[in-house]
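Throughout, read-outs are computed from the coordinates displayed, never taken from laboratory work. Remember, it's a predicted structure, so these values are computed and weren't measured experimentally. Neighbour counts are summed over all protein chains in view; Cβ atoms, including those assigned to glycine, are modelled from backbone coordinates with ideal geometry.
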């Protein structure tokens, strides 16, 4: 049976319900605005800790993020509070990581060997691919709730559900109630496998900030500086997670993020034995989906929604990401990397998995293959409905101009133009 079509016809002018108005206003008791020093002090107060470890430049990056945040005139107070809350949470996580490593220095001896990275444009199948391959229990992967709080705030009680799971479920449940069609575009469930760029939050070098606000000055700063130091910090967080998992922590890591596409050289420097899988999809079709997802969620954080401005911003951001990818792609040679074209992946998912397994040097036993195929059967595409995208109408983008703009990418990779 065909998936029901979802038309979002109030993109630019949604009805502001009392619940949406409250979300836009943010919690009245949350301090806003905050300086970088106040964010750090709030993290210290929340944890009772003070040592953030070596300053890898995260303090400066935090200041740049906040300056860019307050320059975004269309963001509501609630939108600012969300980013500030993310920053406080990230710094609290960093404090707990440093405290745990200080008490257990053996954590830094934990191996992070031959990790498998999946990189690809947003909306290019990376989430589906990583959740699918994570069914292989020989691999370590990262759940949403664990990425949000890698180290528990207090000792866990045996036999009881981890409170971090409940906090994640409560937040995303409330957000999902405001934007019910989001599940059809990108569902956020605590136990789903998530992006490891969340770990880069703890070094203030995650491109996810850009999904929550218009931060062009931050983007320029981020791209102008080397990100290797932040991937080194991600490795430390992976060591912490592996140590907490005990014997399970010795498994190979399976990681994914669109951000990796523009950081291939940094990943190779920090994880020289990594396997890199890069997915490729027509960037015009990526923009159709991405702008709709971001424009739809903007109702929770912006007083005025401007779909054309959003699309123009992200067309430029995707171009920057793709140019970095083309420039850095040869950091990984053919013995360690694989390019996966979206249309080929959709046509032959099982064949794609076999190619990845051969590249990674993993055998694909009948038992493992059955688990992987079970995921495909349980998670069909468009299970929550199929969103109808209108890049040309709602977002006022010219497809032909975009294709000319992205010609350098089409010339480098044999991406199928979808529409």
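Can you tell me the convex hull volume per residue for segment 159-286, based on C-alpha atoms, in Å³ to the nearest whole number?
Output value, Cα hull per residue: 149 Å³.
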Task: Computed over the chain: relative contact order in percent, which uses C-alpha pairs under 8 Å that are six or more apart - done: 26 percent
Task: Binned Cα-Cα distance frequencies in segment 57-216 - 5 Å width, integer % - done: 1, 7, 13, 19, 21, 19, 12, 6, 2, 0
Open item on the list: What does the C-alpha gyration tensor say about the overall shape of the chain? Classify as rounded when a/c is under 1.5, otherwise prolate if a/b is larger than b/c, or oblate.
Closed with: rounded
TODO: Measure out, as a whole number of angstrom, how far apart the alpha-carbon centroids of segment 133-187 and segment 1-62 sit.
DONE: 17 Å
Task: Cα gyration tensor shape for segment 289-374, rounded if a/c is under 1.5, else prolate or oblate - done: oblate
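Could I get the Rg over Rh figure for segment 54-104? Both from C-alpha atoms, Rh via Kirkwood, rounded to two places.
Details: Rg = 13.7 Å, Rh = 12.4 Å.
Taking Rg over the Kirkwood Rh, I get 1.10.
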Task: Mean-position separation - Cα centroids, segment 305-322 and segment 90-116, in angstrom - done: 36 Å
- [ ] Order these peptides, 92-104, 152-164, 363-375, 388-400, by their mean beta-carbon neighbour count within 10 angstrom, highest first.
- [x] 92-104, 388-400, 363-375, 152-164
